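Trainee: Take this structure, written in structure tokens, and hold onto it; I'll ask about it next.
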């Protein structure tokens, strides 16, 4: 995958704010996030796998920051 394309996608998603969650406030799984952001129509299957890995990393980062914020309160 073109790194510029990946960066543009990640930047687009980050500008939306936090990753979308389900009714239990759990971040949607990477497959659902690909559909949520309409990437299933514009990325190849290989590119989708790369983006899913980025979504996993973003979700982990959000979770870690939430834990840190909870300790600071």
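Trainee: Could you grab me the full set of residues in segment 54-73 that are closer than 22 Å to residue 1 by Cα and in contact (Cβ under 8 Å) with a residue 12 or more places away in the chain?
Mentor: If the condition is that a residue be closer than 22 Å to residue 1 by Cα and in contact (Cβ under 8 Å) with a residue 12 or more places away in the chain, then 54, 55, 56, 58, 59 are the ones that fit.
Trainee: Which one is nearest to residue 30 (Cα to Cα) among residues in segment 1-16 that are at pLDDT below 95 and touching a helix residue (DSSP H, G or I) at 6+ places or on another chain (Cβ under 9 Å)?
Mentor: By that ranking, first place goes to 1.
Trainee: Which pairs have Cβ atoms under 6 Å, sit 6 or more apart or on different chains, and link a residue in segment 30-42 that is farther than 12 Å from residue 56 by Cα to one that is at pLDDT 95 or above and not in a helix (DSSP H, G or I)?
Mentor: Taking only residues 6 or more apart or on different chains, the pairs are 36/20.
Trainee: Still on this model: For segment 12-49, what are the residues that are surrounded by 16 or more Cβ atoms within 10 Å (Cβ to Cβ), more than 11 Å from the chain's Cα centre (by Cα) and part of a helix (DSSP H, G or I)?
Mentor: Across segment 12-49, the qualifying residues are 39, 47, 48.
Trainee: I've got another one for you. Can you confirm whether residue 59 is closer than 21 Å to residue 8 by Cβ, touching a strand residue (DSSP E or B) at 6+ places or on another chain (Cβ under 6 Å) and assigned to a helix (DSSP H, G or I)?
Mentor: yes
Trainee: Do you know which residues across segment 1-11 are surrounded by 10 or more Cβ atoms within 10 Å (Cβ to Cβ) and under 11 Å from the mean Cα position of the chain (by Cα)?
Mentor: 9, 10
The values are calculated or read from the model by the stated rules, or taken from the named source; none is laboratory data. Just so you know, these numbers come straight off a predicted model, no measurement behind them. Glycine also receives a Cβ, built like all others from the backbone with ideal geometry; neighbour counts cover every protein chain displayed.
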